[in-house]
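Just so you know, all these numbers are worked out from the coordinates, no wet-lab data involved. The model shown is predicted, which means the values in this text are computed figures rather than measured ones. Positions of Cβ are backbone-derived with ideal geometry, glycine not excepted, and every protein chain shown enters the neighbour counts.
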Amino acid sequence: MIKEETIKNARILIVDDQEANVMLLERLLAATGYTNVMSTTDSRQVLLMFGKFQPDLILLDLNMPHLDGYAVMQQIGPRVAEGEYLPILVLTAEINVEAKQKALTTGAKDFLTKPLDAIEVLLRIRNLLETRYLHLRLQDQKQLLEEEVEEKTRELEQARVEILQKLAMAAEYRDDPTGEHPKRVGELAGILARAAGLPKAQVELIRQAAPLHDVGKIAVSDAILRKPGSLTPDEFEQVKLHASLGARILSGSQVPLLQLAEEIALYHHERWDGSGYASLREQAIPMAARIVAIADTFDVLTHDRPYRAAVSKADALVEVSAQSGRQFDPRLVEAFLKWHKKQDLPKRLRETILAS
Ligand SMILES: [Fe+2]
C-alpha cells in the first residue's frame, strides 16, 4: 500500500475559472490533510505551472474561457513522459458521451460532475493518487531490475573474457607460464586487423579470438613440446596436429567468437604460397588466420623462448617482410610495416598523421 503521508504530500493542481469552485476544493483538500495544493483560475497559466510544480494530480474544469480543459490537456500531453501515469480528474457541469470520449482520449482519467459531492471528490482523488504512486513504484522496480540485469551481463561478459584468457594461458603454459604470449598475439592481431581496414566489430572479435590459436597444444605431449633440439619428422607431425586438435576443442559453438577462434586455430599455420599445414593458399585462407599468422610469428621472434633468444623488432620486421608473398599475405605485411613505421615516428608527428 501507499503511505498516507505520501498521499497527503501529493502535489495537486486545481484549474477552474470559477473562483468559488477553486476555493471550495482548496478548503476541502486542506481540511482532509493535503498539504501541497496549487490553483489557478486562468487556464493559460497551466503550462507554466505544470513545469514548475510538477503535479501528481490535476483537477481540471472543462468549460473555461481562453483555453478550455481539452486544450489544456493537449498542451500538457507532450510534457508527460512515456509510460508515466499522470491522473487528470475532469470536473464538469454536465457531460455527454461524446465529450466524455473526447476528454478520455485527450488525457482525462476520471470525471466528476458538478455540483461536487465532497466525499466522492475525496475518494476519486485518493484512488487516482494511489494508482499514480503504484505506477511510480513499478517504474522504480523496473529500473532497478534493468540495472541488475545490466550488472549481471557485465559480470558474465567479464567472466567470459577471463575464461577464454585462462584457457589460452593453460594451452601455452609449458612454453610461457606467464600467459603473456597469447595476450600479446591477441593485441597485435587486433592492431593488424584495424590497420588492414577491417570493421570495428570484426577487429574486436579477432582480438579476443586470436589468443586461442594454439589451444590444441593442450593435447600435444610434453615429451615433444619440451624436447630440446630438433624434432623428428614424426614428432613434427604430432606438433602439427595442434591446429586441428584446437579446432576440434573449439568446434560446435553457436558463439561467433568461438567460431572465429576455431577457424583461427585450424588455419593459423597456413602459408600464402600454399605450403602450410592444410595447403590452403592465398585468399582461401581465412583473413583472421592470415592476420594471426603474422602476429604469432612476430611475437615469437621478438621474445625469448627456451630454445632461442629474442631478435630485435627491426630484425623481426625484416623477417616478416621477407616472408611477404611466401608465408604471409603481402597486403597484410604492407599494413603491418606501415603501422610499425608510424609507431617509430616522433609522437607529435604521429598524432598529426593520425588526425589527418
Ligand atoms: Fe600454432
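To the nearest 0.05, how large is the calculated FRET efficiency for residue 227 and residue 81 if R₀ is 56 Å and r is the Cβ-Cβ distance?
For R0 = 56 Å, the calculated efficiency reads 0.20.
Using mean Cβ contacts within 10 Å as the protection proxy, how do 316-323, 222-229 order, highest first?
Values: 316-323: 16.5, 222-229: 10.8.
Per-residue mean Cβ counts within 10 Å order the peptides as 316-323, 222-229.
Run the numbers for residue 341 and residue 31: contour at 0.36 nm per residue of separation, minus the present Cα-Cα distance, in nm.
Details: separation 310, 0.36 × 310 = 111.60 nm, distance 8.18 nm.
Contour length minus the Cα-Cα distance gives 103.4 nm.
Determine ³J(HN,Hα), in whole Hz, for all residues of the range 135-144 in sequence, where each value follows from phi through the Karplus function 6.51 cos²θ - 1.76 cosθ + 1.60 and θ = phi - 60°; x replaces Gly and Pro.
4, 4, 5, 4, 5, 4, 5, 4, 4, 4
Could you line up 56, 16, 117, 110 from fewest to most neighbouring Cβ atoms inside 10 Å?
Fewest to most other Cβ atoms nearby, the residues stand as 117, 110, 56, 16.
List every residue whose amide H lies under 5 Å from the amide H of residue 328, counting only residues 5 or more places away in sequence or on a different chain, with H placed 1.01 Å from N in the peptide plane.
272
Could you give the angle, 0 to 90 degrees to the nearest 10, between helix 256-267's Cα long axis and the longest principal axis of the Cα atoms of the chain?
That helix lies at roughly 10 degrees to the long axis.
Just grab the label-to-label distance for residue 322 and residue 175, each label 7 Å out from Cα along the Cβ direction, in nm (one decimal).
Those two pseudo-labels are separated by 2.0 nm.
Between Rg and the Kirkwood Rh of the chain, both from Cα atoms, what is the Rg to Rh ratio?
On the way: Rg = 36.2 Å, Rh = 26.5 Å.
When Rh is taken as the Kirkwood radius, the ratio is 1.36.
Could you tell me the center-to-center distance, by alpha carbons, between the range 257-297 and the range 94-147 in angstrom?
The two parts, judged by their Cα centres, are 66 Å apart.
Report the relative contact order of the range 94-209, percent, no decimals, based on alpha-carbon pairs under 8 angstrom and at least 6 residues apart.
It rounds to 12 percent for the range 94-209.
So for the range 1-119, what are the equivalent ellipsoid semi-axes in whole Å, largest first, each being the square root of 5 times an eigenvalue of the Cα gyration tensor?
Semi-axes from the Cα gyration tensor: 20, 17, 15 Å.
Relative to the longest principal Cα axis of the chain, at what angle does helix 180-195 sit, 0 to 90 degrees, rounded to 10?
For 180-195 against the chain, the angle is about 70 degrees.
Kindly write out, for the range 117-128 in residue order, the coupling ³J(HN,Hα) from the Karplus curve 6.51 cos²θ - 1.76 cosθ + 1.60 (θ = phi - 60°), rounded to whole Hz, with x marking Gly and Pro.
9, 3, 5, 5, 4, 5, 5, 4, 4, 4, 4, 5
Pull out a ≥ b ≥ c, the square roots of the eigenvalues of the alpha-carbon gyration tensor of the range 225-284, then state rounded if a/c is under 1.5, prolate if not and a/b is larger than b/c, and oblate in the remaining case.
Taking the square roots of the gyration eigenvalues as a ≥ b ≥ c, the range 225-284 is oblate.
Non-local amide H neighbours of residue 36 (under 5 Å, H modeled in plane, Pro and chain starts lacking H): which ones?
Close amide H contacts, sequence-distant or interchain: 12.
Put a dot 7 Å past each Cα toward the Cβ at residue 111 and residue 166; how far apart are the dots in nm?
Taking the simple label geometry, residue 166 and residue 111 are separated by 6.7 nm.
Dividing the alpha-carbon radius of gyration of the range 244-349 by 2.2 N^0.38 Å (N being the number of residues), what value is obtained? Walk me through the numbers on the way to the answer.
Numbers: Rg = 15.4 Å, N = 106, 2.2 N^0.38 = 12.9 Å.
In units of the globular-protein estimate, the range 244-349 measures up at 1.19.
Can you tell me the orientation of helix 287-301 relative to the chain, as the angle in degrees between its alpha-carbon axis and the longest Cα principal axis, to the nearest 10?
Tilt relative to the chain: about 60 degrees.
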